[in-house]
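The values are calculated or read from the model by the stated rules, or taken from the named source; none is laboratory data. From a predicted model like this one, the values you see are computed outputs, not experimental measurements. Note that we place each Cβ from the backbone using ideal geometry, even for glycine, and neighbour counts take in every protein chain shown.
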Amino acid sequence: MTLRIKIQKKYYLKCTECGHITPDFWTWFDQDQKCPKCGSKRSEVWYNRRYKRLLRLLKSSPDSFWHYFPFLPLLRRRHIISRKEGAIPVERWGFLEKFAKDNFGLDIEVHVCRNDLNGGTGTFKDIAASLASSIFKEINIKQYCIASTGNSATAYAKYLSMANVNCSVFMPEDVIKTSEATISSYGQQVFKVMGDYAKAKEIAAAYAKLHHIPMSTGNIDPIRVEAKKTMVFEWLRQIGKLPDVYIQAVSGGTGPIAVDKGIRELKGVFPELKNPRFVLVQTDGCDPMVRAWEKAEATAFPDGFEKDYPIINNPRTIVPTLATGNPATYPILAKLVKESNGTFIRVREKKLIPVGKLTAYEQKVVPGPASAVCLSGLFVALRKGLIKNGETVMVNTGEGPNRAPYFLEQMIYTTREVNHVDDCEPHEIDDYRDQLWRDVLND
Ligand SMILES: Cc1ncc(COP(=O)(O)O)c(C=O)c1O
Ligand SMILES: [Zn+2]
């Protein structure tokens, strides 16, 4: 039995709507993960710490995001559950820089945040799951539930089982089979909901209520935001600055929400920091935020534009990870994007395999489908003139191909079926280059 720590001075949660203070996560879960005063589900964690200490942390070499323990909402290090996640390499990808130079005359830096190298499940979602499971261990939560299109649930299923927490997972019916299998293999409960992600969330919420089980509150969940904000600390540590442009495939948008939070947290020590221009990418298979943004742009962003967005029922997409047809966080994201002078852009799903093949060929990194969306976004951003000379771009890729064999299999292009040695000749890797670029750039 974990004793409840009644008084702690490390952190507190503050409601973003009314400012109400919740003293700790025990209380936060007791009050149903919302503000008891105004009912808002969005509170942010703040720390009674001096950020000078962070400057020192930026000088050493961490092996996980737990390096930033003083700025994470956990009280005891012994509760940490980690598989070396976060603090992943940010790489400079020269082939993209060269492309920008040769085709658009731009001298830019292209940095790629390699979330596929996370130690837990190799996606975006490992840091949040690591922080959540550690907090649950500390505050003694034994049951949890989550609705997810795949990657979040896989990460939570794994880390929560390491913390001995039972996790009920609600997935839409078109979930990738490998995600379902992975979650099930840990012994966590999968509920496959006949319907889309919105329906999975609906049933999960009803189940949570019925059984009094806490449920992940999604993209504004303070636990997820606190984990992901460390991305900003890592940029400062690894490249010594913030990017001018941030590109990410967006589903619900924890990424940009957390980047904004991380930067606001650092204002005390680095007053000059500001948000990068957020360039958020969706595919033509599920693009409610892009549609909303295009409408707002066409009408010169009228008052309240952020509240006007479409809902796509049962989106048909080859990237189920990003299939949020009902983008409830759009009002938050749209404001952030507008204030940053960023935009939402659409990429075509038919370009994802060509971009995946090209990236694997040029960089020897095979992207998963959602990462191919993000990388395609860079090509579209360049074509649309969204990146200026001298700028630094951060491309935040979320996953490798392991979870999506159907995607990976489409990358086969050098195979020749043979019966006899006379059918076999040595090849030149370079011979493939032109065609691979043509497939990306041609319509
Ligand atoms: C690989 C990958 N990329 C992008 C996203 C979108 O993340 P966000 O919650 O920031 O929209 C997800 C999550 O759904 C993901 O798993
Ligand atoms: Zn409130």
Those residues of region 360-376 that are touching a strand residue (DSSP E or B) at 6+ places or on another chain (Cβ under 7 Å) and either more than 9 Å from ligand 1 (Cβ to nearest atom) or within 15 Å of GLU409 (Cα to Cα) (or both) come to a total of 4
With respect to the numbered conditions (1) away from ligand 1 (no atom under 12 Å from the Cβ); (2) of a type outside the set (Lys, Arg); (3) part of a helix (DSSP H, G or I), which one is the sole condition not fulfilled by GLY255? (1)
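So, in region 95-117, exactly how many residues are within 16 Å of ligand 1 (Cβ to nearest atom), out of contact with any helix residue (DSSP H, G or I) (no Cβ under 9 Å at 6 or more places or on another chain) and assigned to a helix (DSSP H, G or I)?
1
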Restricting region 322-351 to residues that are closer than 14 Å to ASN219 by Cα and of a type in the set (Ser, Thr, Tyr), the residue that is modelled with the lowest pLDDT: THR324
One residue from GLN188, GLN248 being among the polar types (S, T, N, Q) and more than 12 Å from ligand 1 (Cβ to nearest atom): GLN188
When GLY19 is evaluated against the numbered criteria (1) of a type in the set (Gly, Ala, Ser); (2) within 30 Å of GLU362 (Cα to Cα); (3) surrounded by fewer than 13 Cβ atoms within 10 Å (Cβ to Cβ); (4) at pLDDT 95 or above, which criterion, by number, is the only one it fails? (2)
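Out of region 34-45, which residues are more than 16 Å from PHE69 (Cβ to Cβ) and either part of a strand (DSSP E or B) or more than 11 Å from ligand 2 (Cβ to nearest atom) (or both)? Show your work before the answer.
Of the residues in region 34-45, the ones more than 16 Å from PHE69 (Cβ to Cβ) are 34-44.
If the condition is that a residue be more than 16 Å from PHE69 (Cβ to Cβ) and either part of a strand (DSSP E or B) or more than 11 Å from ligand 2 (Cβ to nearest atom) (or both), then SER43, GLU44 are the ones that fit.
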Screening THR359, THR415 for residues that are among the β-branched types (Val, Ile, Thr), farther than 30 Å from ARG264 by Cα and surrounded by fewer than 23 Cβ atoms within 10 Å (Cβ to Cβ) leaves only THR415
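Hey, could you check region 394-436 for residues that are of a type in the set (A, V, I, L, M) and not in a helix (DSSP H, G or I) and say which is nearest to LYS364 (Cα to Cα)? Write out each step before concluding.
Filtering region 394-436 down to residues of a type in the set (A, V, I, L, M) leaves 394-395, 404, 408, 411-412, 418, 421, 429, 436.
With not in a helix (DSSP H, G or I) added as a condition, the list becomes 394-395, 404, 412, 418.
On the way: MET394: 19, VAL395: 16, ALA404: 18, ILE412: 14, VAL418: 26 Å.
Result: ILE412.
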Collect the residues in region 18-33 that are in a loop (DSSP other than H, G, I, E, B) and over 22 Å from LYS209 (Cβ atoms), keeping them in residue-number order. CYS18, GLY19, HIS20, PRO23, ASP24
How about region 50-75: which of its residues are of a type outside the set (A, V, I, L, M, F, W, C), assigned to a helix (DSSP H, G or I) and at pLDDT 95 or above? HIS67, TYR68, PRO70
Considering only helices (runs of 4 or more DSSP H) fully contained in region 118-215, which possess at least 2 residues that are without any contact (Cβ under 8 Å) to a residue 12 or more places away in the chain and either out of contact with any Pro (no Cβ under 6 Å at 6 or more places or on another chain) or closer than 29 Å to CYS374 by Cα (or both)? 177-185, 197-211
Exactly one condition in (1) in a helix (DSSP H, G or I); (2) over 21 Å from LEU378 (Cα atoms); (3) assigned by TED's automatic domain parsing to the domain that holds CYS374 is false for TRP235; which is it? (2)
Any residue at all in region 299-318 that is buried (at least 22 other Cβ atoms within 10 Å of the Cβ) and on the phi > 0 side of the Ramachandran plot? no
Would you confirm whether or not region 94-111 contains a residue that is surrounded by fewer than 18 Cβ atoms within 10 Å (Cβ to Cβ), of a type in the set (Phe, Trp, Tyr) and either within 16 Å of ligand 2 (Cβ to nearest atom) or not assigned by TED's automatic domain parsing to the domain that holds VAL373 (or both)? no
So, first residue touching a residue at least 24 places away in the same chain (Cβ under 8 Å) in region 15-32, second residue among the aliphatic types (A, V, I, L, M) and within 16 Å of ligand 1 (Cβ to nearest atom), Cβ within less than 9 Å, six or more apart or across chains; the pairs are THR16/ILE220; PHE25/ILE223
